[in-house]
Amino acid sequence: MMRLNSLAFRLTASAAAVSLVLLIVAGLLLANIFSNAVERNFDARLQAVLDGLLASVDLENGELKMKGAIADTRFSLPLSGWYWQITPADDLQGKGLFSPSLLGEALKFSKDKLKNRDAADIARFFTTDSNQTRIRAIEQQFTLFEGNRQYSFIVAGNFDELKAQIATFNGALIIVLGLLGIGFVIAILVQVHFGLRPLGILRQELTQIRKGEAETLTGQFPVEVKPVADELNLLIKANTEIIERARTQVGNLAHALKTPLSVLANEARLNKGNFGNKVSEQTGIMRDQVDMYLDRARRAASAQTIRSVTSVDETADALARTLMRIHMDRGLQINVFCEDENLKFRGEKQDLEEMLGNLMENASKWARSTIEVRIRETADNSKHDRCWLEISVGDDGPGLPAEIRDQALIRGRRLDESKPGTGLGLSIVTETAAMYHGVVTLDESRLGGLKAILKLPAVKK
């Protein structure tokens, strides 16, 4: 379905709105033109009757006489809506000639309607007859041969017939314009779909890059989209160069520090005593710190790449098999439940192995017999509507009280000295997850022990 905030909806809605306005304006204009044309044609018919009436009337001894009848029989039907009358111009209600349809009564209207005349000195107006039928009338004044008195010639026709024609035309016009509007909308939808298709292709290729199935955008794009595709390719290349430079620098630094630390360690072993022991101890700490910070730099650089994709299910299964072999004497059982085998972590495999490995190893130390690893996909609207992984590692060990769980995530904090460790595992997981904008939380496992929940970015399917 088309979303309200999509480009397709905006283009379709704006084009449809403009088309609707234009169709309405065109419909009103055409209806007005047709109405005026029909009205002019109606007036022309009335004018033809008036001309015939003028040719048929005569003045004998001061009285009006008809030399012949009007051919149109509607003027003979009582109150048919078609009338004519000839009366003195100065006494419109006076003695004159009237069509049989008027039943001897003159048309009633205001004299003000005769004031507005056109270039041919013809007045055009609307009035009603005895049946309250709306009629259209034209009036023209003539001076007959005998005398100088002017006579008013009026011919009127049933305007309802005119309205019926107009209504028929307007109905047909609405149907035609409605079909045309539907055609416009269909054409707009096709046009928008065709015009935005390159963006869909661009999205598909970006998805392939995110899944690790491609390295660059290779499609043929229109000139408006091609600069964007070129910039994205440059961005992908820059990310690749960042990770490669970071790995190179990490390797160079590790190599540069390896020899001096080895020399110090050897000298400490050769010089027995408190001084040698202290140097050996501090050298070991330095080596651990160097390894930790170099590894952090590597993780920070690798987290910036957008091409790395790792299968979560395979990584969790491999770690579970390894830990079960290590703790075979305890009969430890590690069960991995993944709701979808195609779930992918958007990041380096080494980082996922380190984070998940630390959580599962920590659970192995405290579990009595069983560990559960559950992997599912979840949505988080607060994080740019991305797709996220939720990996939970729960055990059946003693667990931790809720009030001290947050302390377990602090670097170097060990809440129980009865188990071996440095207290760095959970903090390393927290720091590595943060590099991917992920989080680590602790909760109570359904098995009764501690449950660590790791949220990481996933690759959309």
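The values are calculated or read from the model by the stated rules, or taken from the named source; none is laboratory data. From a predicted model like this one, the values you see are computed outputs, not experimental measurements. Neighbour counts are summed over all protein chains in view; Cβ atoms, including those assigned to glycine, are modelled from backbone coordinates with ideal geometry.
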Filter result for Gly171 (loosely packed, with under 14 Cβ neighbours inside 10 Å, closer than 20 Å to Ala15 by Cα and not hydrophobic (A, V, I, L, M, F, W, C)): no
Where the second residue is outside any helix (DSSP H, G or I) and the first is hydrophobic (A, V, I, L, M, F, W, C) and lies in the range 2-20, which pairs have Cβ atoms under 7 Å and are six or more apart or on separate chains? Ala8/Met2; Phe9/Met2; Phe9/Arg3
Check on Leu29, assigned to a loop (DSSP other than H, G, I, E, B), surrounded by fewer than 15 Cβ atoms within 10 Å (Cβ to Cβ) and not small (Gly, Ala, Ser): no
Of the residues in the range 196-220, how many are more than 13 Å from Leu232 (Cα to Cα) and either of a type in the set (Phe, Trp, Tyr) or not in a helix (DSSP H, G or I) (or both)? 5
I'm trying to understand the selection: among the residues of the range 363-417, which are at positive phi and at pLDDT below 65? His384, Asp385, Gly412
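I'd like the residue in the range 328-347 that is over 25 Å from Lys455 (Cβ atoms) and assigned to a loop (DSSP other than H, G, I, E, B) and, out of all such residues, is modelled with the highest pLDDT. Before you say what the answer is, go through the steps one by one.
Going through the range 328-347, the residues over 25 Å from Lys455 (Cβ atoms) turn out to be 328-333.
Retained after the next criterion (residues that are assigned to a loop (DSSP other than H, G, I, E, B)): 331-332.
On the way: Gly331: 87, Leu332: 90.
Top of the filtered list is Leu332.
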For the range 44-89, which fully contained strands (runs of 3 or more DSSP E) count at least 1 residues that are in contact with a helix residue (DSSP H, G or I) (Cβ under 7 Å, 6 or more places away or on another chain)? 63-66, 83-88
Out of all the residues in the range 207-222, which are more than 24 Å from the chain's Cα centre (by Cα) and without any contact (Cβ under 8 Å) to a residue 24 or more places away in the chain? Glu213, Ala214, Thr216, Leu217, Thr218, Gly219, Gln220
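Yes or no: the range 276-291 includes at least one residue that is within 29 Å of Ala238 (Cα to Cα), part of a helix (DSSP H, G or I) and modelled with pLDDT under 90. Please lay out each step first, then the result.
Going residue by residue through the range 276-291, those that are within 29 Å of Ala238 (Cα to Cα) are 290-291.
Filter once more, so that each one left must be part of a helix (DSSP H, G or I): 290-291.
Cutting the leftovers down to modelled with pLDDT under 90 gives us 290-291.
Within the range 276-291, one or more residues are within 29 Å of Ala238 (Cα to Cα), part of a helix (DSSP H, G or I) and modelled with pLDDT under 90.
Counting just the residues of the range 126-161 that are aliphatic (A, V, I, L, M) and over 60 Å from the mean Cα position of the chain (by Cα), which one comes out surrounded by the fewest Cβ atoms within 10 Å (Cβ to Cβ)?
Among those residues, the one meeting the criterion is Leu144.
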Kindly indicate whether any position in the range 35-45 is assigned by TED's automatic domain parsing to the domain that holds Gly157, under 19 Å from Arg149 (Cβ atoms), surrounded by 12 or more Cβ atoms within 10 Å (Cβ to Cβ) and not charged (D, E, K, R). no
Ile166 being surrounded by 14 or more Cβ atoms within 10 Å (Cβ to Cβ) and either touching a strand residue (DSSP E or B) at 6+ places or on another chain (Cβ under 7 Å) or assigned to a strand (DSSP E or B) (or both): no
Under the condition of being closer than 21 Å to Ala48 by Cα, in contact (Cβ under 8 Å) with a residue 12 or more places away in the chain and polar (S, T, N, Q), which residue from the range 70-125 is surrounded by the most Cβ atoms within 10 Å (Cβ to Cβ)? Ser99
